[in-house]
Amino acid sequence: MLFGLFSTADCHPDLQADCSVCALSSTAAKYRHSNNMSNSIAQAHKTVDQLRFEAQIERIRVSKAAADLQAYCEQHARDDPLLVGVPASENPFKEKKSCIVL
Amino acid sequence: MAAVAAEDTELDLDALRKEAETLRSRLEEERRKSNDVQLRDVASKLELVPPLQMKVRRVLKGHQGKVLDMDWSTDKRRLVSSSQDGKVIVWDAFANKQERVLSMPTTWIMSCAFSPSGDIIACGGLDNKCTVFPIDKDLENPERKRRTIAMHTSFMSCCRFVKSGYQILTSSGDCTCALWDVDSSQLMQSFHGHISDVLCLDISPVHCRTFLSGSSDKTASLWDIRTGRCVHSFDGHDGDINGVRFFPTGESFVTASDDGTCRLYDLRADREVALYTKDCMIFAATCVDISKSGRLMFAGYNDYTVNVWDVLKCVRVGRIYAHDNKVTCLQRSPDGTAVCSGSWDTTLKLWA
């Protein structure tokens, strides 16, 4: 409770050396600081671990990735109803045209 | 003593920060080196995509509020949609009929999902939970059998069943994703790494060991479902990532973002390989899906339209004036014959 209520700024500079409240307050500040520090260290460790992990991944060139993408599209183009269209009789969403007898 | 310890930790922190910087520059350099060519240039010799013949085939009316999400059933015929009005509707899309209307106790159901077996629906949103309902044909009152299986500390943005149907993946405004067992409601794995709301997820179509998440921290991440580890992280967008979808090979994916662009990322090249945008496009892209062959990309936008892109040539090949309000969700049917879009105009439409 004390930690949040007082800060050394509340105390006159000439008195701070003898002030017990200031002593407590600065210990509290150091405690908060070291708590924050250990959180930051943990976070920094996590970040570095993740970056190390990502750095050792083997990468291929975009030219290879692009070629593979293109090959897949070409290979499957025929089976893509939205690309090549399917006759109304086969597509359940297209209305079947009925014959009109004139 | 305390002062010395504090100084040590400061030095450690400094060293770690320096190492992080070095690693980041190294990663950037590696990614730059692999960027030897542009996808659109590789595809320049390809024939143009045939002119699109898509028209609206069904208009599903029934919600009284904004439609926020939809999911197809594996039977290619039914779909489920959820809305701001607190209702989850199961539709027979062929017949344009409402099969079930489920009422949730809260409004803003931001996500809904169909189980692979077709007899369970999952949904949730601002209630921070994921709830499941059995919907077998003979069940009279599904609301009575509903169960909560996931709890987050902020809104649930997306839920999707894993292929087996025994587990559900959720993403949340609490910056995490989580994997839950459907029967026991146990948390199986949680995924930490994003620094802001996670808005969308997509499970790999190929092996189900990985999934993607998109976040308002402007990054998309690939996760190992078993270990909880973030395998890759991709940046590049200038705004929240609202939608992610795997390419059919599972080796690339597309994203839709608040910055008005969609992008294609390749997992093996570990970088962005294409950008889909036009100067006049300033409205957020909210949802995205890819056709069966991977050649066409459909994206829904806040300007009420769905734009169709040639994935390889990186050009727009169609513009559908789809709805009377923002398009919020879009999904291709499992057999690739149709695309369903949902909107703030309270309707869902089927295009084929």
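The values are calculated or read from the model by the stated rules, or taken from the named source; none is laboratory data. It should be emphasised that the depicted structure is a prediction, and the values quoted were computed from it without experimental measurement. Cβ sites come from the backbone with ideal geometry, for glycine too, and all protein chains shown count toward neighbours. What goes into the accessible areas is simple: the full protein's heavy atoms, side chains included, and nothing from ligands, DNA or RNA. Shrake-Rupley method; radii C 1.70, N 1.55, O 1.52, S 1.80 Å.
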Some residue of region B:321-338 being part of a strand (DSSP E or B), within 14 Å of chain A (Cβ to nearest Cβ), touching a residue at least 24 places away in the same chain (Cβ under 8 Å) and in contact with a Ser or Thr (Cβ under 6 Å, 6 or more places away or on another chain): yes
Just one of the numbered conditions (1) under 27 Å from B:Asp324 (Cβ atoms); (2) open to solvent by 70 Å² or more (accessible area, probe 1.4 Å); (3) not basic (Lys, Arg) is not true of B:Glu7; which one? (1)
With the condition kept exactly as written, say whether any residue in region B:42-56 is surrounded by fewer than 17 Cβ atoms within 10 Å (Cβ to Cβ), of a type in the set (A, V, I, L, M), assigned to a loop (DSSP other than H, G, I, E, B) and at the interface with chain A (Cβ under 9 Å from one of its Cβ atoms). yes
Where a residue in region A:47-68 is under 17 Å from B:Phe253 (Cα atoms) and within 7 Å of chain B (Cβ to nearest Cβ) and its partner, wherever it lies, is part of a helix (DSSP H, G or I) and modelled with pLDDT of 95 or more, with Cβ under 9 Å and at least six apart: A:Ile60/A:Asp68
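Results for (1) open to solvent by less than 10 Å² (accessible area, probe 1.4 Å); (2) at pLDDT 95 or above; (3) out of contact with any Cys (no Cβ under 6 Å at 6 or more places or on another chain), shown as yes or no for each residue.
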position: B:Lys313; (1), (2), (3): no, yes, yes
position: B:Cys329; (1), (2), (3): yes, yes, no
position: B:Ser333; (1), (2), (3): yes, yes, yes
position: B:Ser343; (1), (2), (3): yes, yes, yes
position: B:Thr347; (1), (2), (3): no, yes, yes
position: B:Trp351; (1), (2), (3): no, yes, yes
Exactly one of (1) at pLDDT 95 or above; (2) within 22 Å of B:Asp183 (Cβ to Cβ) is unmet by B:Asp119. Its number? (1)
Quick check on my filter: what residues within region B:57-75 are open to solvent by 30 Å² or more (accessible area, probe 1.4 Å) and more than 8 Å from chain A (Cβ to nearest Cβ)? B:Val59, B:Lys61, B:Gly62, B:Gln64, B:Lys66, B:Thr74, B:Asp75
Residues (part of a loop (DSSP other than H, G, I, E, B), open to solvent by 30 Å² or more (accessible area, probe 1.4 Å), under 14 Å from B:Gly260 (Cβ atoms) and not aromatic (Phe, Trp, Tyr)) located in region B:275-311: B:Thr277, B:Lys278, B:Asp279, B:Cys280, B:Ile282, B:Asn302, B:Asp303
Considering only region B:302-326, state which residues are farther than 13 Å from B:Val56 by Cβ and of a type in the set (A, V, I, L, M, F, W, C). B:Val308, B:Trp309, B:Val311, B:Leu312, B:Cys314, B:Val315, B:Val317
Hey, which of the strands (runs of 3 or more DSSP E) in region B:104-223, taking only ones fully inside, have at least 1 residues that are surrounded by fewer than 23 Cβ atoms within 10 Å (Cβ to Cβ)? B:120-124, B:129-134, B:147-151, B:156-161, B:167-172, B:177-181, B:187-191, B:198-203, B:210-215
All but one of (1) in a loop (DSSP other than H, G, I, E, B); (2) open to solvent by less than 50 Å² (accessible area, probe 1.4 Å) hold for B:Ser82; which doesn't? (1)
All conditions in (1) at pLDDT 90 or above; (2) more than 7 Å from every other protein chain (Cβ to nearest Cβ) are true of B:Arg32 except (1)
Which one is surrounded by the most Cβ atoms within 10 Å (Cβ to Cβ), of the residues in region A:69-95 that are of a type in the set (S, T, N, Q) and at the interface with chain B (Cβ under 7 Å from one of its Cβ atoms)? A:Gln70
Condition set within 11 Å of chain A (Cβ to nearest Cβ) and polar (S, T, N, Q), scope region B:235-273, selection most open to solvent (accessible area, probe 1.4 Å): answer is B:Thr249
Considering only region B:225-233, I want to know if a residue exists there that is surrounded by 21 or more Cβ atoms within 10 Å (Cβ to Cβ), more than 14 Å from every other protein chain (Cβ to nearest Cβ) and not in a loop (DSSP other than H, G, I, E, B). no
Would you call B:Cys280 free of Cβ contacts under 8 Å to residues at least 12 places away in the same chain and more than 10 Å from chain A (Cβ to nearest Cβ)? yes
